[in-house]
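One structure below.
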Amino acid sequence: MALIAEHIIEQVREANDVVDVISDYVQLKRSGRNFFGRCPFHNEKTPSFSVSPDKQIYHCFGCGAGGNVINFIMEHERLDFLSSVKLLADRANIHIETDPAEPRKKDDRASIYNMHEIACRVFDRQLNDASAKTAKDYLLNRGISEETLKTFRVGFAPDRWDTVTLEVMKLGLSQDVLTRSGLLMVKNGGGYYDRFRDRIMFPIMDINGKVQAFGGRIFGEAEGAKYMNSPETPIYHKGRTLYGLNLCRDEIRTSRTAILVEGYMDLIRLYQEGFQNVVAGTGTAFTPEQAGLIKRFADKVLVCYDGDGAGQKAAQKAGLTLLDKGLDVRIIQIPNGEDPDSFFDEKDTKAFQKLIDSALDFMTFVLRNNQAQMDSPVKRTAFLENMVSELALMQNEILRGMLAGQLADEMHVPEEAVMSLLKRQTKRVRRPDYVPDAPAPQAKAKPDILRRPESGAEKAEFELLRLHLSQDESLLSWLTSTISDKDIKAFHYVEIFQMLHGRLRKELPINHSRMLDEIQSSEIRRFITRLINEARPDLESITHAHQCIKTVRWWAIQREMDQLKQLMRDTDARGEDSSEYFRRKVELQLEQREIKPNPISM
Ligand SMILES: [Zn+2]
């Protein structure tokens with residue numbers, strides 16, 4: 001197993017804020033000092049998953065999952081420690097020496113990413129070349145500023161066969177990688193040529209801003225498909241990427257709202273006009289994966305597609321997909337014949353804000369948009385059946401029913417009729433691809449050692465454990481010098497105590513994040529995360545610690561006395577001498593009277 005130096009791991013941890021990383025997977029909302037969301041490790045309706053930016057840990061009050069940012073990746077991506085560190089290093093652009101024995105696949109991906117970055121720079125240079133004047137003028141005339149072009153790294157692929165090919169050939173990559181990169185086409189007689197020619201190039205970036213694909217658009221008088229997109233490659237999966245998310249995710253996360261548009265130009269234009277919570281699909285029909293991606297950052301989506309028939313039809317489909325993921329959906333209606341990009345040619349941001357404010361809820365939009373199909377009973381029935389069969393495709397049963405109810409209501413059709421139609425249609429739909437959002441791990445009985453403290457003694461121990469995780473050095477040195485091995489032996493949480501106490505003797509205070517990396521047992525890691533998470537700085541005092549120790553000792557004596565009483569009863573019953581036990585009991589009673597614990601405040 002290859003090892004990564006401790007200081008590199010530290011660097012990786014520092015570069016990956018726990019809130020930032022988890023936000024890529026879970027929709028988080030700030031509440032006080034912490035962030036909350038629905039736990040990705042168990043199924044739940046109300047959020048009990050918390051992330052602490054101060055402590056850089058996460059903890060679920062529901063299932064007990066917990067740890068630091070590396071543990072999160074380990075559990076969520078089901079990777080081992082090293083692979084998780086590497087993934088996070090990659091995310092933060094930290095270079096880690098890779099083990100030569102590691103599968104070549106990863107290197108291939110890195111090479112393909114590198115090829116895309118090079119191509120992006122080539123296209124960028126070309127756009128600013130005199131020979132690209134028509135392309136550049138086209139963009140400027142469409143109202144896109146120089147600055148916006150830079151922000152989105154828009155470029156130009158000239159009408160030649162080898163612009164990119166010549167550059168990437170210098171890298172000396174294998175034929176296999178060159179072929180699979182999606183940037184080059186294989187010549188019949190061998191060799192390569194550029195896939196993209198005479199097109200305005202929009203780099204498609206992943207969530208961290210790494211170029212992973214391109215969309216090439218024709219302009220002016222040119223003929224052919226308006227857009228040509230990269231094919232699927234080892235680093236690009238169309239249905240799982242959203243254009244613009246790298247630039248817009250913070251704004252989306254803050255406003256909890258995303259505007260979904262169809263085209264790259266639409267997105268760029270809206271962004272330039274100050275609407276910076278936008279995302280666009282990438283050349284395919286909008287997918288459930290893309291909806292899931294939006295859901296990590298937003299609660300609400302404003303669908304803003306072209307004003308023509310095709311655009312409105314696509315908006316209806318996307319709307320259903322988004323609703324099915326549990327997102328609140330509104331449809332923005334762009335005047336017919338326009339798209340979000342051209343809208344701003346004559347109108348301003350205020351006019352667009354008006355469109356946002358008057359966006360329709362999904363069913364109202366659907367009914368209004370299909371008015372033409374409502375003018376005869378036959379057409380109305382056909383429309384209704386059609387719509388119900390679309391609803392039947394939804395995974396979310398409750399929502400499916402509610403939308404059907406709304407449909408019946410607004411069309412003045414008896415609800416039972418629509419519902420029974422829905423029931424029949426739903427049965428017909430098979431759902432082979434259905435994967436629940438968060439597979440619930442089998443509920444395991446909690447090991448006895450990790451249960452909540454019940455008795456007064458356990459509560460006191462729990463407090464002492466928690467105090468071991470404090471950052472207060474004087475308190476910590478007091479704990480190391482006061483708690484003895486004899487105390488620990490009597491503890492309920494022996495194993496955890498030994499670990500924390502031993503560690504404290506070596507390092508003071510304990511580095512929580514580093515410690516969590518080293519705990520093998522996920523149960524104990526969870527338990528400790530809970531301790532860290534439930535810290536009570538107001539109780540971090542020597543007086544409180546002293547009180548806890550007294551309680552623990554008082555109960556230890558109590559337990560010994562109970563045993564003695566039993567022994568004395570047994571010896572008396574046998575007619576033997578129990579005076580030795582009696583003497584010890586008196587001793588303990590005196591000792592216990594000395595302690596006099598007060599109730600533990602918690
Ligand atoms: Zn949970």
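Mind checking the angle between helix 397-410 and the chain's longest principal axis? C-alpha axes, 0 to 90 degrees, to the nearest 10.
Computed tilt is about 50 degrees.
Any chance you could give the angle, 0 to 90 degrees and rounded to 10, that helix 579-595 forms with the longest Cα principal axis of the chain?
50
On alpha carbon coordinates alone, what is the Rg over Rh value for the stretch 459-591, Rh being the Kirkwood radius? Numbers along the way, then the final one.
On the way: Rg = 18.4 Å, Rh = 16.6 Å.
That ratio is 1.11, to two decimals.
Output the antiparallel fraction of DSSP beta bridges having both residues in the chain, as a percent to the nearest 5. Before the final figure, lay out the partial values.
Numbers: 31 of 43 bridges.
In the chain, DSSP labels about 70 percent of beta bridges as antiparallel.
Take GLN353 and GLU147, extend 7 Å from each Cα along the Cα→Cβ direction, and tell me the distance between the two endpoints in nm.
The answer from the label model is 1.9 nm.
Taking the 0 to 90 degree range and rounding to the nearest ten, how far is the long axis of helix 415-428 tilted relative to the main principal axis of the chain, both from C-alpha atoms?
It is inclined by approximately 90 degrees.
Starting from the Cα of LYS350, draw a straight line to each of the aspartates and glutamates and keep only those under 12 Å, dropping any in the same chain fewer than 8 residues away.
Those aspartates and glutamates meeting the cut-off are GLU273.
Beyond 47 Å, what share of the Cα-Cα pairs of the chain remains, rounded to the nearest whole percent? Mind dumping the intermediate values first?
Details: 61840 of 180901 pairs.
So the pairs more than 47 Å apart make up 34 percent of the total in the chain.
With a point put 7 Å past each Cα toward its Cβ, work out how far GLU523 is from GLU77 in nm, to one decimal.
Each label point lies 7 Å from its Cα, and together they span 2.8 nm.
What FRET efficiency, computed as 1/(1 + (r/R0)^6) with R0 = 25 Å and r the Cβ-Cβ distance, is obtained for GLN558 and ARG505, rounded to the nearest 0.05? Working shown, then result.
Working: r = 28 Å, r/R0 = 1.14.
It comes out at approximately 0.30.
Using 0.36 nm times the number of residues separating ASP107 and GLN11, minus their current alpha carbon distance, what extension gain do you get?
Stretched out fully, the ASP107 to GLN11 stretch lengthens by 32.3 nm.
Sorted by mean Cβ packing within 10 Å, highest first, what order do the peptides 380-389, 479-488, 198-207 take? Don't jump to the answer; show the numbers that get you there.
On the way: 380-389: 16.6, 479-488: 14.3, 198-207: 22.3.
Going from most to least packed, we get 198-207, 380-389, 479-488.
Which lysines, if any, have their Cα less than 16 Å from the Cα of LYS486, not counting same-chain residues under 8 positions apart?
Straight-line reach from LYS486, under 16 Å: LYS550.
Once you place label points 7 Å from the Cα toward the Cβ at TRP161 and GLU390, how far apart are they in nm?
Computed distance between label sites TRP161 and GLU390 equals 4.6 nm.
Estimate the FRET efficiency between ASP572 and LYS596 by the formula 1/(1 + (r/R0)^6), using the beta-carbon distance for r and 25 Å for R0, to the nearest 0.05.
Numbers: r = 30 Å, r/R0 = 1.21.
Efficiency at R0 = 25 Å is approximately 0.25.
Once phi is turned into θ = phi - 60°, what whole-Hz ³J(HN,Hα) does the Karplus curve with 6.51, -1.76 and 1.60 give for every residue of the stretch 546-556, x standing for Gly and Pro?
Once θ is set to phi - 60°, the couplings for the stretch 546-556 become 4, 4, 5, 5, 4, 4, 4, 5, 4, 6, 5 Hz.
When only alpha-carbon atoms count, how far does the stretch 245-428 stretch along each of its three principal axes, as whole angstroms with the largest first?
48, 34, 27
Find the relative contact order for the chain and round it to a whole percent, using C-alpha pairs within less than 8 Å whose residues are 6+ positions apart. Intermediate results must be reported in sequence, preceding the final value.
On the way: 813 pairs, mean separation 61.4, N = 602.
Relative contact order of the chain: 10 percent.
Note down the relative contact order for the stretch 6-91 as a percent, whole number, built from C-alpha pairs under 8 angstrom at least six residues apart.
Values: 123 pairs, mean separation 20.9, N = 86.
Averaging sequence separation for qualifying contacts and normalising by length gives 24 percent for the stretch 6-91.
Give me the Debye-computed log₁₀ of I(q)/I(0) at q = 0.14, 0.29, 0.32 Å⁻¹ for the stretch 41-80, equal point scatterers on Cα only, no solvent, two decimals.
The Cα Debye sum returns log10 ratios of -0.30, -1.03, -1.11.
In angstroms, what radius of gyration and Dmax does the stretch 1-87 have, counting Cα atoms only?
Spelled out, the Cα radius of gyration and Dmax of the stretch 1-87 are 13.1, 42 Å.
Checking the cross-link filter: which lysines have an alpha carbon closer than 22 Å to that of LYS238, excluding same-chain neighbours under 8 positions apart?
Excluding near neighbours in sequence, the set is LYS105, LYS106, LYS210, LYS226, LYS295, LYS313, LYS317, LYS325.
Within 10 Å, count the other beta carbons around each residue, average over each peptide in 460-467, 35-42, and list them highest first. Don't skip to the end; give the middle numbers.
Working: 460-467: 24.0, 35-42: 20.6.
Going by the mean number of other Cβ atoms within 10 Å, highest first, we get 460-467, 35-42.
In units of 2.2 N^0.38 Å, what is the alpha-carbon radius of gyration of the stretch 96-211?
On the way: Rg = 15.9 Å, N = 116, 2.2 N^0.38 = 13.4 Å.
Computed over Cα atoms of the stretch 96-211, the ratio equals 1.18.
What residues have an amide H closer than 5 Å to that of TYR192, excluding those fewer than 5 places away on the same chain, when H is modeled at 1.01 Å from N in the peptide plane?
LYS187
Can you list the HN-Hα couplings for the stretch 115-131, worked out from phi with the Karplus curve (6.51, -1.76, 1.60; θ = phi - 60°), rounded to whole Hz and with x for Gly and Pro?
Calculated HN-Hα couplings, in order: 4, 5, 5, 4, 4, 4, 5, 4, 5, 4, 4, 4, 4, 9, 8, 4, 5 Hz.
Suppose the chain between ASP198 and GLU416 were pulled fully straight at 0.36 nm per residue; how much longer would it get relative to their current alpha carbon spacing?
Once the chain is fully extended between ASP198 and GLU416, it gains 72.7 nm.
Say R0 is 30 Å: what FRET efficiency, to the nearest 0.05, do LYS226 and SER255 get from their beta-carbon distance? Kindly include the intermediate steps, with their values, before the conclusion.
Numbers: r = 31 Å, r/R0 = 1.02.
So, using R0 = 30 Å, E works out to roughly 0.45.
Every read-out reported here was derived from the displayed coordinates using simple, explicitly stated rules and does not represent laboratory data. On a predicted model such as this, the values are computed, not experimentally measured, just so you know. Note that we place each Cβ from the backbone using ideal geometry, even for glycine, and neighbour counts take in every protein chain shown.
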